[in-house]
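A quick write-up on the structure given underneath.
Bear in mind these aren't lab numbers, they're just calculated from the coordinates by the rules spelled out. Remember, predicted model here, so these are calculated numbers, not experimental data. Methodologically, a virtual Cβ is constructed for each residue, glycine included, from the backbone with ideal geometry; neighbour enumeration extends over all protein chains shown.
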Amino acid sequence: MSHQGTKEIGAAGATVLDIKDLEVTFTTDAGEIPAVRGVSFEVAAGEVVAVVGESGSGKSVTARTILGLLAETATARGAVVLKGNNMLTLSPRELRAVRGEDVSMVFQEPSTALNPVYTVGWQIAEGIRAHGKVSKKEAKAKAIEVLAKVGIPEPEKRVNYYPHQFSGGQKQRVIIAAALALNPSLIVADEPTTALDVTVQAEILELLREVRNDFNTGIVLITHNMGVVADLADRVVVMYQGEVVETAPSNVLFTNPREEYTKALLAAVPHLGRNSASEGMGVRSGQDKEVLVEATDLNITYPGRMGAPSFTAVDGVSLQICAGEVYGLVGESGSGKTTIGRAIAGLNRISSGSLKVLGHEMLGFKERSFKKVRKDIGFVFQDPAASFNPQLSIAECVAEPLLVHKALDARAARIRVDELLEAVQLPKAFAQRFPHELSGGQRQRASLARALALDPKLLVADEPTSALDVSVQAKVLELFKELQTELGFATLFISHDLAVVDMLSTWVGVLYRGKLVEEGIGNQIMGSPAHPYTKRLIASLPVPDPVEQAVRREAFLKAL
């Protein structure tokens with residue numbers, strides 16, 4: 001069904017959700033903090049309404065009021081009318097009756113939403129049995145039915161599987177199956193594809209589209225990915241600092257945004273083929289420079305446990321990274337990207353082949369001899385919150401490499417920390433804060449400062465912007481480009497976001513199941529890929545343009 005056709009369904013459907021003048025405040029030690037201010041919008045049956053904005057704009061708080069899932073410290077005023085019921089005035093017992101039957105939620109992180117000690121079938125059946133007198137046998141049959149609807153293979157067998165036995169994309173399908181179990185009129189999907197690879201994301205978006213079309217279900221889509229909005233949404237509600245600043249049909253918003261904030265949000269979105277780092281390049285730059293990383297027939301195998309066979313994560317990969325070059329490594333989860341990055345930094349052992357890092361052979365390396373090399377390698381982790389010690393201040397976290405490798409005294413280290421924080425555009429006052437007191441973008445800047453503390457020749461950046469809002473991501477990427485140009489360090493940039501890789505990398509390698517299937521200049525790989533997997537990867541990436549995305553979606557579905 002075309003994008004225009006789906007709009008007509010939404011327009012013709014009865015109103016399922018009507019939010020009027022919603023205000024939500026949180027009571028804290030510092031007083032009342034307003035999170036949502038006077039928000040109003042409607043959702044019709046069979047319509048997808050995307051609520052977009054940066055972290056802290058009030059998107060998720062608005063979504064949680066629809067299900068009555070606000071914290072005890074929150075006070076909500078106004079009206080959230082769902083099928084005639086004001087969710088703000090219902091008792092806990094009435095809310096339990098409405099959840100699942102009238103409205104369901106698809107959570108951002110399926111691993112935390114599913115209970116690891118129960119089978120997925122039991123968890124779906126539990127929700128069904130909570131809403132009526134249904135036998136265990138009937139509930140299990142219904143669970144099998146909804147698992148089949150969402151495309152889980154062999155649902156009769158897999159209904160007895162535990163969450164850890166499913167991939168990330170399959171777990172998200174299980175969550176959608178649980179949401180569909182009682183045929184609700186409305187589904188609230190909170191960042192349902194953020195942590196997924198582009199190919200899996202495309203499949204989940206197609207599944208949500210089928211749910212909307214087959215069951216005439218209204219969907220509230222909370223996301224910061226404007227490509228996803230262009231792919232799925234009929235209407236868009238833009239929020240900023242708790243207020244709705246613009247509401248418009250999807251095709252109108254992308255072609256003619258009214259508000260400056262909306263224009264800035266759309267301008268920050270990376271777009272494949274625009275602002276490409278390799279634009280106009282015909283040959284590899286930097287090949288006449290020093291080779292900092294050289295992998296030849298690199299293999300990394302993990303031994304099996306308890307009788308299980310061994311697993312080959314990296315299979316015969318050969319690549320080079322030259323001084324001053326940004327090498328983009330792309331591929332799905334499990335393709336071996338992070339394994340290669342960690343091996344280069346000496347955090348993973350290699351099994352066979354050769355990996356030379358700054359002239360040091362990594363096959364069977366000794367930690368004592370590699371320590372001298374390690375100071376020339378910086379590492380930016382995907383999740384800075386997990387890589388920082390929560391008991392140390394930002395200044396202490398950034399200073400750690402200086403104290404370990406250069407044995408600087410506290411005063412000299414502090415001077416260098418101030419210089420680094422200034423380089424990554426963080427105020428000096430932030431040095432005394434702890435990691436949890438910084439936003440995601442600020443933590444990622446601090447992580448970059450720590451990685452650059454020793455003026456490394458080589459930086460390994462592992463998915464450094466995947467969890468960031470588009471506007472914050474744009475600032476971090478711009479900062480990264482400036483620092484890389486100014487300081488001249490080489491970078492292995494690992495990501496599953498092809499648009500980001502295209503924007504930063506001159507040379508790109510594509511990994512698939514541990515093998516390097518394609519390699520070349522960034523604009524050539526993105527513009528005219530040779531390998532079928534690369535073609536599928538690029539076709540599955542949603543672009544922030546509803547008309548172009550509708551064409552791309554048709555091409556992707558034909559290729560499946």
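Taking every alpha-carbon pair under 8 Å whose residues sit at least 6 apart, the chain reaches a relative contact order of 16 percent. Counting charges near PHE556 (Lys, Arg +1; Asp, Glu -1) among other residues having Cβ under 14 Å from its Cβ returns a value of 0. Here each label is just a point 7 Å from Cα along the line to Cβ, and for LYS406 and SER352 those points are 4.3 nm apart.
Using the Kirkwood radius built from alpha carbon pairs, what does the Stokes-Einstein equation give as D for region 40-150 at 37 °C and 0.692 mPa s, in µm² per second?
Numbers: Rh = 16.3 Å.
Answer, rounded: 202 µm²/s.
Centre-to-centre, using Cα atoms only, region 261-284 and region 432-451 are separated by 26 Å.
Keeping to pairs on different chains or 8 or more places apart, tell me how many lysine pairs in region 82-222 have Cα atoms under 15 Å apart. Working shown, then result.
Working: LYS133/LYS142; LYS137/LYS157; LYS140/LYS149; LYS140/LYS157; LYS142/LYS157; LYS149/LYS157; LYS149/LYS171.
Value for region 82-222: 7.
Protection proxy ranking of 172-178, 306-312, by the mean of other Cβ atoms within 10 Å over each peptide's residues and highest first, is 172-178, 306-312. The simple spin-label model puts a point 7 Å past each Cα toward its Cβ; for ALA555 and ASN389 those points are separated by 5.1 nm. In this calculation the C-beta distance from ALA71 to ALA323 is compared with R0 = 41 Å, giving a FRET efficiency of 0.20.
Rounded if a/c is under 1.5, else prolate if a/b is larger than b/c, else oblate: which is region 263-359, with a ≥ b ≥ c the root eigenvalues of its Cα gyration tensor?
On the way: a/c = 2.94, a/b = 1.50, b/c = 1.96.
It comes out oblate by the Cα gyration axes.
Given R0 = 35 Å, the distance between the Cβ atoms of SER167 and ALA530 translates into a calculated FRET efficiency of 0.80. Which angle between 0 and 90 degrees, to the nearest 10, do you get for helix 198-215 versus the longest principal axis of the chain when only C-alpha atoms count? On a 0 to 90 degree scale, this one is about 0. Shown here for region 115-212: chymotrypsin sites (Phe, Trp or Tyr not before Pro) in loop regions (DSSP other than H, G, I, E, B) with at most 16 other Cβ atoms within 10 Å, namely TYR118.
When you count, for each residue, the other Cβ atoms within 10 Å and take the mean per peptide, how do 515-524, 330-339, 255-264 rank with the highest first?
Numbers: 515-524: 19.3, 330-339: 22.0, 255-264: 14.6.
So the peptides 515-524, 330-339, 255-264, ranked by packing, come out 330-339, 515-524, 255-264.
Computed from Cα positions, the angle between helix 120-129 and the longest principal axis of the chain comes to roughly 20 degrees.
R0 = 30 Å: FRET efficiency of ALA308 with THR194, Cβ-based, nearest 0.05?
The formula returns an efficiency of 0.45 here.
From most to least packed by mean Cβ count within 10 Å, the peptides 197-210, 85-98 give 197-210, 85-98. Helix 410-423 axis versus longest C-alpha principal axis of the chain: approximately 60°, rounded to the nearest ten. Extending 7 Å from Cα along the Cβ direction at SER111 and again at GLU478 yields two label points whose distance is 3.3 nm.
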